[in-house]
Amino acid sequence: MGVDLVPPKVCTYDCVYCQVGKTTKKTLRRKEYVPTAEVLEEVRDFLLTGDPSIDHFSLSGSGEPTLHSQIGSIIQGVKAMSPIPVAVLTNGSLLHFERVRGDLRHADIVLPSLDAVSREVFVRINRPHRGISVEKVIEGLVEFRKVYQGQIWLEILFCKGINDTEDELLQMKRAIDRIEPDRIHINTVIRPPTEPWAAALNSGEMERIQGFFGEKASIISEFDRHPLFVSKIDVKEKIIRILERRPLSFVDLSERMALSKKELEATMQPMVKEGKIKTRRFGDSVYYEVSKS
Ligand code: SF4
């Protein structure tokens, strides 16, 4: 289950492959973007009425969750309510701040991303806030590993022709050796990206990279850094809220909504006619997204 800590689209990066869309507020300012009490109330509500079989809570957001100044209290609050493990999906850009490392220390799993290690590639793929350097990001991850007792699953997303060169891979391996993650998740562009030119690697290329990184590495087929959590709203509003965060195929949407194909079709057809949502083709699939006009 995903818990959103920042609204779309507040982030320290503006990644070319981002599925949430272009960053509208690129910032390093930590604050209580969503009231902490409201987040904990939603989790409490979910525990009383939601699916009891979830395997973990994912703290994420339509942006960077460590920008939420109370993320430490939220992690502790969620853990006090339930034994379900808490995972944090972060781009890792703020881990060079001791306070942020302290905030995340109570999480069971931290999944930081690291898509590049050279300055040029970092700027090209992640388009970071000017106050962030890739050296700081790597140092933050190395320091975090020294103090953090939980699992670190490092996530790397590959875009063709940007961060998949031999040189970048070699440098990345050296950085990973210093970070010592428990697992390495590799992925590529499988959902409509912010920039249409951000292209995916093919399966042969991904397997080659997996082999290069060794036994800790696995290819993640369903890249989902932005799990969704919506409650207390009607079906059409839910669809809009979900599609505002990222485009989804009909099948994905039907799974998210826990609705049959027939029910979903009946709900969506009028929404398409009214111009509230529209379709967009990416690769071989058709995705639904919110009409911006
Ligand atoms: S992919 Fe994550 S880190 Fe990159 S811009 Fe989107 S929300 Fe931010």
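The values are calculated or read from the model by the stated rules, or taken from the named source; none is laboratory data. Predicted model only: the values in this text are computed from it and were never measured. Every residue, glycine as well, gets a Cβ built from its backbone with ideal geometry; the counts of neighbours run over all protein chains shown. Surface areas here come from the heavy atoms of the whole protein model, side chains and all, with no ligands, DNA or RNA. Shrake-Rupley method; radii C 1.70, N 1.55, O 1.52, S 1.80 Å.
Before moving on, here are some points about what is shown:
- Members of the range 72-105 found to be open to solvent by less than 10 Å² (accessible area, probe 1.4 Å) and closer than 14 Å to R29 by Cβ, listed by number: S93, L94, V100
- Sole residue being over 25 Å from R256 (Cα atoms), open to solvent by 60 Å² or more (accessible area, probe 1.4 Å) and within 13 Å of the ligand (Cβ to nearest atom), chosen from K26, K22: K26
- If you filter the range 112-136 down to residues that are within 11 Å of the ligand (Cβ to nearest atom) and not in a loop (DSSP other than H, G, I, E, B), you find that the one that is surrounded by the most Cβ atoms within 10 Å (Cβ to Cβ) is N126.
- Among (1) open to solvent by less than 50 Å² (accessible area, probe 1.4 Å); (2) more than 16 Å from the ligand (Cβ to nearest atom), the one test that N163 misses: (2)
- Candidates L95, L114, L154, filtered to the one that is among the aliphatic types (A, V, I, L, M), closer than 27 Å to E42 by Cβ and at pLDDT 95 or above: L95
A quick yes/no check of all residues on (1) outside the structural domain of I132 (by TED's automatic domain parsing); (2) touching a residue at least 24 places away in the same chain (Cβ under 8 Å); (3) out of contact with any Pro (no Cβ under 9 Å at 6 or more places or on another chain); (4) over 20 Å from D103 (Cβ atoms):
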site: V6; (1), (2), (3), (4): no, yes, no, no
site: C15; (1), (2), (3), (4): no, yes, no, yes
site: V43; (1), (2), (3), (4): no, yes, yes, no
site: H68; (1), (2), (3), (4): no, yes, yes, no
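- Tally of residues being at pLDDT 95 or above and either within 16 Å of the ligand (Cβ to nearest atom) or part of a loop (DSSP other than H, G, I, E, B) (or both) across the range 51-86: 8
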